[in-house]
Amino acid sequence: KSKASVRFIGRKKEMQILQTIIDEVSTENKSRTVYISGSAGIGKSRLAAELKRQNEKYNWCTLPCDEVLQKSFSPIAHFLKEYFSDKKTFTSEYKTLINSVSNSNIKNELIRTESVIADLRNIRRKNSVFSQMDAKSKYTNTVFAVINFFIALASENPLILQIEDVHKADNDTIL
């Protein structure tokens, strides 16, 4: 069973606090960081799943960290695999995102870094701009591509980044 399909019991106080924060962020157009911690198995992920279910109007991005797979930007790559579920439709879906952005600077950055996001999504393109970069340029452009991608998502609707098990994140993701 998925976390969201298990009946949600209790946690009314925690839900009210978190919902108040989400509502304030939405109305004040500000960002906040909320850290939910606790022992394994006490329901942190289930609490987040219920909060997500009650806030479907937001762009909710789940970035799961994995201590075994310490690959650079792994949680972001995992999210992009979910967001762009079909490699065949990546280009059209990406263009839809570009067209939804009104800020010309962000739009131009999305266009410029399409091959970077494609590579993170595990779509390798021969002779792409990204494939021809040196390691330092790849890293720098990946950082900018990810930032601008999330800014683009936030321009559509308020954005919630849920980073699961952040203590297991690779260094590139948390920097």
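The values are calculated or read from the model by the stated rules, or taken from the named source; none is laboratory data. Everything numeric here is computed off the predicted structure, so don't read it as measured data. Counting neighbours? That spans all protein chains shown, and the Cβs are built from the backbone with ideal geometry, glycine included. Just the protein is used for accessible areas: all its heavy atoms, side chains included, with ligands, DNA and RNA removed. Shrake-Rupley method; radii C 1.70, N 1.55, O 1.52, S 1.80 Å.
Some values worked out for this structure:
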| quantity | calculated |
| --- | --- |
| Given (1) surrounded by 15 or more Cβ atoms within 10 Å (Cβ to Cβ); (2) over 25 Å from Tyr35 (Cβ atoms); (3) not hydroxyl-bearing (Ser, Thr, Tyr), index of the condition Arg124 fails | (1) |
| Residue match in the range 50-66 (condition: in contact (Cβ under 8 Å) with a residue 12 or more places away in the chain, under 30 Å from Arg124 (Cβ atoms) and open to solvent by 40 Å² or more (accessible area, probe 1.4 Å)) | yes |
| Long-range neighbours under 8 Å by Cβ, at least six apart or interchain, first residue modelled with pLDDT under 85 and open to solvent by 80 Å² or more (accessible area, probe 1.4 Å) within the range 67-78, second part of a loop (DSSP other than H, G, I, E, B) and of a type in the set (D, E, K, R) | Glu67/Asp165; Gln70/Asp170 |
| Boolean, Lys30 is under 18 Å from the mean Cα position of the chain (by Cα), basic (Lys, Arg) and over 29 Å from Thr142 (Cβ atoms) | no |
| Residue list for the range 121-173, restricted to those being under 14 Å from the mean Cα position of the chain (by Cα), over 20 Å from Tyr94 (Cα atoms) and in a helix (DSSP H, G or I) | Val166, Thr173 |
